[in-house]
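The structure appears right after this line, and notes come after that.
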Amino acid sequence: MNRIIYINLLFILALSACDSRPSFSTLCAENPEICQEFTKDTWCKRERIEVAYANWEHKENPHDLEKFNQLIAYEKYEKCIAKASLIEHIKLKEKQTRRLNNLAITKEKIKRISEITKHSEHPRLLYYHWSRYLDKNALAKFLALEHTELLKTHESQFELATYYTKRDPIKTLGLLYHSLELVKPKQQINVEVFKAIATYFADKQEAKQTYIWLKVLRLYAPEDEDIKQETLDNYIKGYQLDDAFLNKIASATLNKIQAGEFKAPKY
């Protein structure tokens, strides 16, 4: 299947899986102010749609978690449109201008929501303000929640792991595993967890484990630019690994994670 078609299909399925969401056309018809925030552009359509949905969800439930989701959606769009704005159109200068305008709007929106949430006690926002703005007060409050139910989620366990990465690698791995244990069936998985586990084993020069987690990443997110099949093939050849056997382990591991049945292995 053509790679672009495949990625678009994944995107459509992801949107249709969100049963509580209106269709995008309905969202725009009922909330024109949301869809008219940016000038239309063929670039970064997926990210722009996710911004619209994040803003709609915040409109419906103006709580801290929804504000966090807005920030993440705007950041993803900013990253995409920043690249697009660097592409200079000799004959169509207005396209570049529109993208620069959209980029400016995005930066301003991130700044405004960040200011509004600066004193939030929500764990996701505490982590956000530490990781983006090095807010030590936010970090202290976030770490104080480490052993509470508030941080016992797939997302927060990964965020906690990022703090311990250079401080306690063993604890970091445990948190990453626990993050996967907390994945609920059909929940979207943060692929950075797979990357972090693969990186841990690569640092330990454990080739088999490194390959397994890279393969898990490849199976779950084939469109991810950080892992290509060529990379996996070279890894197999370089370390003379049994790819058929390790592929089965990777597939079984991902199936368990997605079913909410993953249990951290002993290490």
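The values are calculated or read from the model by the stated rules, or taken from the named source; none is laboratory data. A quick note: this is a predicted structure, and the numbers were derived from the prediction, not measured. So basically every Cβ, Gly included, is an ideal-geometry build from the backbone, and we count neighbours across all protein chains shown.
Summed over the range 215-267, residues that are touching an Asp or Glu at 6+ places or on another chain (Cβ under 9 Å) and of a type in the set (A, V, I, L, M) total 5. Does the range 28-41 include one or more residues that are in contact (Cβ under 8 Å) with a residue 40 or more places away in the chain, among the hydrophobic types (A, V, I, L, M, F, W, C), in contact with a Lys or Arg (Cβ under 7 Å, 6 or more places away or on another chain) and surrounded by fewer than 17 Cβ atoms within 10 Å (Cβ to Cβ)? The answer is no, given that none of the residues of the range 28-41 is in contact (Cβ under 8 Å) with a residue 40 or more places away in the chain, among the hydrophobic types (A, V, I, L, M, F, W, C), in contact with a Lys or Arg (Cβ under 7 Å, 6 or more places away or on another chain) and surrounded by fewer than 17 Cβ atoms within 10 Å (Cβ to Cβ).
The residue list Glu149, Glu155, Glu115 contains one member that is within 30 Å of Ala84 (Cβ to Cβ) and free of Cβ contacts under 8 Å to residues at least 12 places away in the same chain, which is Glu115. Does Cys44 satisfy being in contact (Cβ under 8 Å) with a residue 24 or more places away in the chain and either over 17 Å from the mean Cα position of the chain (by Cα) or crowded, with 19+ Cβ neighbours inside 10 Å (or both)? Judged against the criteria, Cys44 is a match.
Each row is one residue, and each column tells you yes or no for (1) outside the structural domain of Asn247 (by TED's automatic domain parsing); (2) modelled with pLDDT of 95 or more; (3) within 28 Å of Ile110 (Cα to Cα); (4) crowded, with 21+ Cβ neighbours inside 10 Å.
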position	(1), (2), (3), (4)
Arg167	no, yes, no, no
His178	no, yes, no, no
Lys184	no, yes, no, no
Asn190	no, yes, yes, no
Lys195	no, yes, yes, no
Leu217	no, yes, no, yes
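Taken over the range 229-266, the criterion of being exposed (fewer than 12 other Cβ atoms within 10 Å of the Cβ) and under 22 Å from Ile170 (Cα atoms) is satisfied by Lys263, Pro265, Lys266. Could you say which residue among Tyr211, Tyr177 is outside any loop (DSSP other than H, G, I, E, B), of a type in the set (Ser, Thr, Tyr) and under 22 Å from Thr153 (Cα atoms)? Checking each option against the conditions leaves just Tyr177. Please verify whether the range 197-213 includes one or more residues that are of a type in the set (A, V, I, L, M), assigned by TED's automatic domain parsing to the domain that holds Lys248, touching a residue at least 40 places away in the same chain (Cβ under 8 Å) and crowded, with 16+ Cβ neighbours inside 10 Å. There is at least one residue in the range 197-213 that is of a type in the set (A, V, I, L, M), assigned by TED's automatic domain parsing to the domain that holds Lys248, touching a residue at least 40 places away in the same chain (Cβ under 8 Å) and crowded, with 16+ Cβ neighbours inside 10 Å.
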